[in-house]
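Single-structure report; data block below.
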Amino acid sequence: AEKVLGYDLLSLSLEGPQDELDRTQHCQPAVRLMCGLGSVSMQVVANCVAAAGYSVGEFAALVFAGAMGFAEALYAVKVRAEAMQKASEAVPSGMLSVIGRREANYKFACLEARKHCESLGIENPVCEISNYLFPDSRVIAGHLQALEFLQENARKYYFTRTKMLPVSGAFHTRLMEPAAEPLAEVLNSIEIEKPLVCVYSNVDGKKYMHSKHIRKLLVKQVVSPVMWEQTMHAVYERRQGTEFPYTYEVGPGKQLGAVLKKCNSKAWKQYNHVDALEDEEAAKT
């Protein structure tokens, strides 16, 4: 990873400084690496029925499924992260995690937030849903003024909780359009094959079909909302009475497991978390 990235990611991850690690250009490769530590046996792949990755984690899912090589995927993530960092610095923007009541109309709230920005003199303001997490939970991204407006008027839109995310920009919105071309160029330069197991895309919650499809949707993903709730429904769709598969979340944190529980509590009963660092510590002791 150090050879591919051109800097010591391990040292940055373990020793910091935190503000440098939090920068998009460093954070994305770190997350990608933590989701893909260790080798994957062919037996594991053969027994797997589906894979999916959240945002940048989609690269890890594709590496696991044999569609991309580790070094090539990490290099693509490096280019993606640096381009998204640059796009973030061009416009003061961010992401707002929202939990709403059933009456909440997120798209209408975004529309009014954009109108508010226009009243402030902001041209072509951005405020849109960037992540569909689980029922009654969304992430809204766009200009900071729009997100501040939504927080101030949370009760009006039936939002029960709002929280700014510690990220530097409005990911998965059209504010990331400058990052699309650099990512497309690098994806066209690396070898991509049809996945050995079904991998579901963030863009539409459907299975990747072939290499051209992967290249197209990985670029589109940068400027499109992450349809994670829809993906969870697609992955775990079963005939009544059919057992759910074992689910493994690989990498730091158990956030995707918590989301799965909200989307499908029966599937969540077969959920397990795998943390590479925890496994290493256990092996040492």
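The values are calculated or read from the model by the stated rules, or taken from the named source; none is laboratory data. Note that the structure is a prediction, hence the values are computed from the model and not measured. Glycine also receives a Cβ, built like all others from the backbone with ideal geometry; neighbour counts cover every protein chain displayed. To get the accessible areas, we keep the full protein, side chains included, count just its heavy atoms, and leave off ligands, DNA and RNA. Shrake-Rupley method; radii C 1.70, N 1.55, O 1.52, S 1.80 Å.
Among Glu103, Glu128, Glu118, Glu89, which is touching a strand residue (DSSP E or B) at 6+ places or on another chain (Cβ under 9 Å) and not β-branched (Val, Ile, Thr)? Before the answer, list the steps.
Values: Glu103 fails: touching a strand residue (DSSP E or B) at 6+ places or on another chain (Cβ under 9 Å); Glu118 fails: touching a strand residue (DSSP E or B) at 6+ places or on another chain (Cβ under 9 Å); Glu89 fails: touching a strand residue (DSSP E or B) at 6+ places or on another chain (Cβ under 9 Å).
Going through Glu103, Glu128, Glu118, Glu89 in turn, just one is touching a strand residue (DSSP E or B) at 6+ places or on another chain (Cβ under 9 Å) and not β-branched (Val, Ile, Thr): Glu128.
Take Lys216 and decide whether it is open to solvent by 80 Å² or more (accessible area, probe 1.4 Å), closer than 26 Å to Gly100 by Cα and either modelled with pLDDT of 95 or more or not assigned by the TED database to the domain that holds Ala67 (or both). Walk me through how you get there before you give the answer.
Details: open to solvent by 80 Å² or more (accessible area, probe 1.4 Å): yes; closer than 26 Å to Gly100 by Cα: no; either modelled with pLDDT of 95 or more or not assigned by the TED database to the domain that holds Ala67 (or both): yes.
Judged against the criteria, Lys216 is not a match.
Please indicate, with yes or no, whether at least one residue in segment 70-80 is open to solvent by less than 10 Å² (accessible area, probe 1.4 Å), modelled with pLDDT under 95 and over 18 Å from Val223 (Cβ atoms).
Yes, segment 70-80 contains at least one residue that is open to solvent by less than 10 Å² (accessible area, probe 1.4 Å), modelled with pLDDT under 95 and over 18 Å from Val223 (Cβ atoms).
Among the residues of segment 218-252, which ones are in a loop (DSSP other than H, G, I, E, B) and either of a type outside the set (Ser, Thr, Tyr) or within 27 Å of Ala184 (Cβ to Cβ) (or both)?
Taking segment 218-252 and keeping what is in a loop (DSSP other than H, G, I, E, B), we get 224-225, 236-246, 251-252.
Once the filter is applied, which keeps residues that are in a loop (DSSP other than H, G, I, E, B) and either of a type outside the set (Ser, Thr, Tyr) or within 27 Å of Ala184 (Cβ to Cβ) (or both), segment 218-252 yields Ser224, Pro225, Glu237, Arg238, Arg239, Gln240, Gly241, Glu243, Phe244, Pro245, Gly251, Pro252.
Residues checked against (1) of a type in the set (Ser, Thr, Tyr); (2) more than 14 Å from Arg80 (Cβ to Cβ); (3) touching a strand residue (DSSP E or B) at 6+ places or on another chain (Cβ under 7 Å):
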| site | (1), (2), (3) |
| --- | --- |
| Arg174 | no, yes, no |
| Pro178 | no, no, no |
| Ser189 | yes, no, no |
| Leu196 | no, yes, no |
| Tyr236 | yes, yes, no |
| Tyr246 | yes, yes, yes |
| Lys254 | no, yes, yes |
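How about segment 254-273: which of its residues are over 16 Å from Trp228 (Cβ atoms) and surrounded by fewer than 15 Cβ atoms within 10 Å (Cβ to Cβ)?
Step one: filter segment 254-273 for residues over 16 Å from Trp228 (Cβ atoms), giving 265-266, 269-270, 272-273.
Within segment 254-273, Ser265, Lys266, Lys269, Gln270, Asn272 qualify.
Somewhere in segment 189-207, is a residue loosely packed, with under 14 Cβ neighbours inside 10 Å, out of contact with any Pro (no Cβ under 9 Å at 6 or more places or on another chain) and not assigned by the TED database to the domain that holds Lys107? Steps first, answer last, please.
First, pick out the residues of segment 189-207 that are loosely packed, with under 14 Cβ neighbours inside 10 Å: 189, 191.
Narrowing further to those that are out of contact with any Pro (no Cβ under 9 Å at 6 or more places or on another chain): 189, 191.
Retained after the next criterion (residues that are not assigned by the TED database to the domain that holds Lys107): 189, 191.
Yes, that holds for at least one residue.
When both residues are 6+ apart or on different chains and their Cβ atoms are under 6 Å apart, which pairs have a first residue that lies in segment 139-164 and is at positive phi and without any contact (Cβ under 8 Å) to a residue 60 or more places away in the chain, and a second that is not hydroxyl-bearing (Ser, Thr, Tyr) and not in a strand (DSSP E or B)?
These pairs meet every condition: Gly142/Val126; Gly142/Ala170; Tyr158/Arg101; Tyr158/Glu103; Tyr158/Ala104.
For segment 121-160, give me each residue that is open to solvent by 30 Å² or more (accessible area, probe 1.4 Å) and either hydroxyl-bearing (Ser, Thr, Tyr) or closer than 27 Å to Ala234 by Cβ (or both).
Within segment 121-160, Glu128, Tyr132, Phe134, Pro135, Asp136, Arg138, Tyr158, Thr160 qualify.
Could you tell me whether segment 56-73 includes any residue that is within 15 Å of the chain's Cα centre (by Cα), assigned by the TED database to the domain that holds Glu229 and in a loop (DSSP other than H, G, I, E, B)?
For segment 56-73, residues within 15 Å of the chain's Cα centre (by Cα), assigned by the TED database to the domain that holds Glu229 and in a loop (DSSP other than H, G, I, E, B): present.
Within segment 233-253, can you find the residues that are touching a residue at least 60 places away in the same chain (Cβ under 8 Å), under 27 Å from Ile129 (Cα atoms) and either touching a Leu at 6+ places or on another chain (Cβ under 8 Å) or surrounded by fewer than 18 Cβ atoms within 10 Å (Cβ to Cβ) (or both)? Explain how you work it out, then say what you get.
Pass one, segment 233-253, residues touching a residue at least 60 places away in the same chain (Cβ under 8 Å): 235, 245, 250-252.
After this cut, where a residue has to be under 27 Å from Ile129 (Cα atoms) as well, the list is 235, 250-252.
If the condition is that a residue be touching a residue at least 60 places away in the same chain (Cβ under 8 Å), under 27 Å from Ile129 (Cα atoms) and either touching a Leu at 6+ places or on another chain (Cβ under 8 Å) or surrounded by fewer than 18 Cβ atoms within 10 Å (Cβ to Cβ) (or both), then Pro252 is the only one that fits.
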